[in-house]
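Since the structure comes first, as structure tokens, the remarks are kept for the end.
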Amino acid sequence: MAEPFFQVKGLESGYGEIRVLWGVDIEVNRGEIVCLIGSNGAGKTTLLRTLSGLVKPTAGSVRMEGEALAGLECKDILSAGVAHVPEGRRLFRTMSVRDNLLMGAYLRRRDKSVDEDLERVMTMFPRLAERANQDAATLSGGEQQMCAIGRSIMSRPKLLMIDELSLGLAPRAVELLGESLVEINKAGVSILLVEQDVMTALDLAHRGYVLDRGRIVMAAPSEELREAPAVREAYIGAS
Amino acid sequence: MTVRPIYVLAALLLVSLLPLVGDNYVLRLGTMFAMYAVLAQSWNIIGGYAGYPSFATAAFFGLGAYAGAILQGNGLPMPLAWLAAGIVAGLFAALMGAAILHLKGHYFAIASLVLAEVLLEVTTSWTSLTGGGMGLNLPVIRMSVDAQAQLFFWAMLGLAVLAFLMSWYVSASRIGFALRCIRQNEDASSMVGVNTTFYKVVAFVLSALFVGSAGALYASWVFYIEPPDVYSVLTSVKPIVMVMLGGAGTVAGPVIGAAAFLVMEEVVWRNFLSIHSAVLGLLIVALIFFLPNGVLGFIRKRKRTGADHGKETAA
């Protein structure tokens, strides 16, 4: 069988003495939206931070299209095509929305294609176009998330990783952002979505993994996960 | 920017005419100003642009002073010794920076503070090289007192101008851009592909180069150095106060802050001889309290509110 587009095998990682991930295996196929669900402290954010190079793994492999990524620097992982939208958006305050978006293209040569991509992001998120010259800190939560997603696609990623898409946002904003994710996905970008709001995650994703205390405990298509008794009990609150 | 860097450069060049009008006391003040300007502008690179609260200035200064003194003692011509001292401080900063710049906030501050303490201990114990606690005398220069005063004044001012040009260049370049991103949000900078480790080390080295040379110049100027003098913790603290006074992360701010600090220090010293440290301390607290963004921030704010006011009356 051909190797999947993005493959994580036996990944272990943590902070100093504290081990957070205990041999995580996940796969993302080309063009797929995969979600990662789990409770607080399960290690979802640590997994993304390890995949993007902010935290160095202690064991295991990360491969995209056959290229080994585990242990590389952030900038090398990013230029290989893995972009990370961090939890809490993390925009550059005091910089305008446009400059924040352009920061996403930091590693690219500044040429016409960057302006075209900027145009595309502005078309996808008209609110950002309206506020292009405003300080990014003055945006609402939903707009900030748009800006963060826009910034990450400015690097032309093949895989987009999003940490807590819906955190602290109004339901309407989450809906809008979900639609744009589907649009980005249709343009050929695979997506790994970390989400506490399990229903939102399973609505968007084709497949899902359940992470619990640093281990993958379940992997199935979204419809199956939605019906799985363990998931319903633990994360949705229905019995 | 409210104070254009070019004005500051012009002011620095004007100061270079000081020997025409002043006596040696004024020249001594001028040399102190230039030295403070070097220290403040250097700290501004790591502390202002990159936002890393470094207390390593004294380490670079003392290391430069001793490197310069030892090299001069071994027969290296004075200007070359100054240059070499800057390079020694820069190399030291590169090595230490790579080791401690992964620390953030208070942890980085403490680690950088320790650098000077360690160098102080090493210098004091390594008697065969440094003269230890007895200090080190520098070769006497055969020149009149007046000529010496002018020489060191111009040399120090020249160094201040170089530091200024460096700071100006950094603020407009890719390095300055990367450093400001790091100050805003280091994680996000990494995620968009800024090589944060590299740029932080570059900033640390840039904050050391000119300070090392200034230390060597200082050693040549005063003829005699001892460890507690050149590794004094005040050498680390003063530049921070100057930059805070002037405006952190700006090109003109550190120079303005250095001048303001020198004036304050001199006035307080003259009028409150026995309690000058206490009065200076209180003044600093008061200034930081009332001018949190420095003189430049204050001017900018005044201008902005003035403009708003103008709009209101127009409407």
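The values are calculated or read from the model by the stated rules, or taken from the named source; none is laboratory data. Fair warning: this is a prediction, and the values are worked out from it, not measured in the lab. For neighbour counting, all protein chains shown are included, and Cβ atoms are generated from backbone atoms with ideal geometry for every residue, glycine included.
For the reader, a short list of remarks on this structure follows.
- Among the residues of region A:48-59, those identified as more than 9 Å from chain B (Cβ to nearest Cβ) and crowded, with 19+ Cβ neighbours inside 10 Å are A:LEU48, A:THR50, A:LEU51, A:PRO57.
- Sub-8 Å Cβ pairs linking a first residue in region A:1-23 that is without any contact (Cβ under 8 Å) to a residue 24 or more places away in the chain and over 16 Å from A:GLY71 (Cα atoms) to a second residue that is acidic (Asp, Glu) and outside any strand (DSSP E or B), at least 6 apart or interchain, number zero.
- Residue match in region A:159-171 (condition: surrounded by fewer than 18 Cβ atoms within 10 Å (Cβ to Cβ), touching a Gly at 6+ places or on another chain (Cβ under 7 Å) and either within 14 Å of chain B (Cβ to nearest Cβ) or without any contact (Cβ under 8 Å) to a residue 60 or more places away in the chain (or both)): yes
- Pairs where the first residue, in region B:139-159, is within 17 Å of B:GLY22 (Cα to Cα) and the second is polar (S, T, N, Q), C-beta under 6 Å, 6+ apart: B:ALA149/B:ASN24; B:PHE152/B:THR31; B:PHE153/B:THR31; B:MET156/B:THR31; B:LEU157/B:SER16
- In region A:146-158, the qualifying residues are those that are assigned to a helix (DSSP H, G or I) and within 14 Å of another protein chain (Cβ to nearest Cβ), and the one that is surrounded by the most Cβ atoms within 10 Å (Cβ to Cβ) is A:ARG151.
- Residues in region A:15-30 that are surrounded by fewer than 24 Cβ atoms within 10 Å (Cβ to Cβ) and either touching a helix residue (DSSP H, G or I) at 6+ places or on another chain (Cβ under 7 Å) or among the acidic types (Asp, Glu) (or both): A:GLU17, A:VAL20, A:ASP25, A:GLU27.
- Condition check for B:ASP229: at pLDDT below 90 and among the acidic types (Asp, Glu): no
- Residue in region A:36-47 that is surrounded by 14 or more Cβ atoms within 10 Å (Cβ to Cβ), of a type outside the set (Gly, Ala, Ser), under 15 Å from the mean Cα position of the chain (by Cα) and within 14 Å of chain B (Cβ to nearest Cβ) present: yes
- Region B:176-246 holds helices (runs of 4 or more DSSP H) entirely within its bounds, and those carrying 1 or more residues that are touching a residue at least 24 places away in the same chain (Cβ under 8 Å), over 14 Å from B:PHE55 (Cα atoms) and within 14 Å of chain A (Cβ to nearest Cβ) map to B:186-191, B:196-222.
- Residues of region A:217-236 that turn out to be surrounded by 21 or more Cβ atoms within 10 Å (Cβ to Cβ) and more than 23 Å from A:GLY178 (Cα to Cα), as a count: 0
- Subset tally (residues that are free of Cβ contacts under 8 Å to residues at least 24 places away in the same chain, surrounded by fewer than 20 Cβ atoms within 10 Å (Cβ to Cβ) and within 10 Å of chain B (Cβ to nearest Cβ)) for region A:68-94: 2
- Test: residue in region A:112-133 that is facing another protein chain (nearest Cβ under 10 Å), out of contact with any Phe, Trp or Tyr (no Cβ under 8 Å at 6 or more places or on another chain), at pLDDT 90 or above and not in a helix (DSSP H, G or I): no
- For region A:182-203, the set of residues classified as closer than 23 Å to A:ASN40 by Cβ, under 13 Å from the mean Cα position of the chain (by Cα) and either surrounded by fewer than 17 Cβ atoms within 10 Å (Cβ to Cβ) or aliphatic (A, V, I, L, M) (or both) consists of A:ILE191, A:LEU192, A:LEU193, A:VAL194, A:ALA201, listed by residue number.
- All of (1) outside any helix (DSSP H, G or I); (2) at pLDDT 75 or above hold for B:TRP269 with one exception: (1).
- Every residue from region B:103-117 that is touching a Pro at 6+ places or on another chain (Cβ under 9 Å) and closer than 19 Å to B:VAL230 by Cα: B:SER112
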